[in-house]
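Data first, discussion second: the structure below is written as structure tokens.
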Amino acid sequence: MAAPDSPAQPAPRSAPTPVLSVSFTRDALIIQGEQFAPGERVRVYLAAMPSAGFEQFVLLGETTADARGALVLTAGLPMRHMPKGNGGMAHVIAQGSVTGFTAFAGVAVPVAVSAGGGEPATPAPTETPLPPPPTSTPEPIGEWFAEYYANRDLGGPPVLTRMEETRCDARHQWLCLNWGRASAGDGMPADQWSATFTRTITLDTLDNYIFELWVDDGARVYLDGQLIINEWRQGRWRAAYGFTVRGPGEHTLRVDYFDAAGAARVKLSWWAGYTAWEARYYNSTYLDGPVILKRDDHDINFTDKPGEGPLWPPGIGPDNFSVDWTRVVHFPCSCEYEFSVAADDDVRVFIDGQAKPLIDLFGKGPGSDSAIRFMRAGRHLIQVQYVERGQDAYVRFYWRPLCPFPPPTVIPPDP
């Protein structure tokens, strides 16, 4: 297997930064990219982590960006090199042959994948009750109000209503139900049925929340009446994700579910987390005061001019605001990287929490600057702070390696 090509000369700063996203199916990765050069060849790698750091690069495939600079690549999962344990991350790297730009993406690895593929084992139903929560944790096992219908379309009056206990973990409000191939209850068929599960959940902070749904056959998830996951289709046990920003307090969560045939099960969990940049927006030029918006920003590339790039989120600006972005980034190789930024008005960049900024344009904007820094392979904290005082408001930040990636390990395909 050939090593990744050496990066070409950097594209002009006005060129868009490639964007990469990754999703899972039961036995494959689906990689989607945008803003590559039209017609350029792009190699896609999995940064495998059998132990600390990036030790191996597995070539997932090579494809060509279309006339819009977009690409889609479906690749089988090299299971032996996926991170083990729930909450692990798979890191995918795409490198363009023309621009030399490299795009990175990380996605949470569901426990079914990290355990070695196939369907995750589901414990058989048991009559043994769950132990009570510790006395120091006052929240009891959660309950969902369930309505069951003798058809797969939630049609007509429910045949059965009852309270369903949370069976995932006594400490959480998650939904975990597994009927196997049996009926859900009296008067219900074993196949071709549907149900809704509703409850009030309590969120502690203003945050970006990740909802993870596992389902066989279909389901959709609503939070406060807003559809956040739509898997309303027949299919085998699979995962789907929804992302939303919510403030602290009580929120109404509803899960619609249907079973077509065979095994019937559904699981929904959620947590506060970020897949890219953790962004905090302030209505001040001092990066302080109440956080008016906290969300997951895929990229730092914003403008106040329609048609010239992604716009600022609703409710932000147009003047006298500031943003603080932080992100832990996995750098795939030990070498020099070039970090570049352009902004109106002020911006500065910190690496690994150091007191002195790597790039400092505070009080000097609008403007642009670059800096080269040697980065050891592994995880590094990047922080970008931006202040908008008046008139135009834009900021763009990106980086690129100044060295080729290490040669990937030649790995035979999984049997």
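Only the coordinates and a few stated rules stand behind these numbers; no lab work does. As the structure is a prediction and not an experimental result, all values here were calculated from the model. Note that we place each Cβ from the backbone using ideal geometry, even for glycine, and neighbour counts take in every protein chain shown.
Okay, here's what the table says:
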{"read-out": "Local electrostatic count at Arg246 - Lys and Arg +1, Asp and Glu -1, tallied over other residues with Cβ under 13 Å", "value": "-3"}
{"read-out": "At 0.890 mPa s and 25 °C, Stokes diffusion of the stretch 167-272 via Kirkwood alpha-carbon radius, µm² per second", "value": "172"}
{"read-out": "Cα gyration tensor shape of the stretch 290-348, rounded if a/c is under 1.5, else prolate or oblate by comparing a/b with b/c", "value": "prolate"}
{"read-out": "Highest-first arrangement of 343-352, 227-236, where packing means the average Cβ count within 10 Å", "value": "343-352, 227-236"}
{"read-out": "Around Gly218: net Lys/Arg minus Asp/Glu count, Cβ-Cβ under 9 Å", "value": "-2"}
{"read-out": "Tyr386, Tyr222 arranged by Cβ crowding within 10 Å, fewest neighbours leading", "value": "Tyr222, Tyr386"}
{"read-out": "Chymotrypsin sites (Phe, Trp or Tyr not before Pro) within the stretch 252-317, DSSP loop, no more than 16 other Cβ atoms inside 10 Å", "value": "Tyr286"}
{"read-out": "Pair-distance profile P(r), taking every C-alpha pair of the stretch 276-396, with 5 angstrom steps and integer %", "value": "2, 11, 21, 25, 20, 11, 6, 3, 0"}
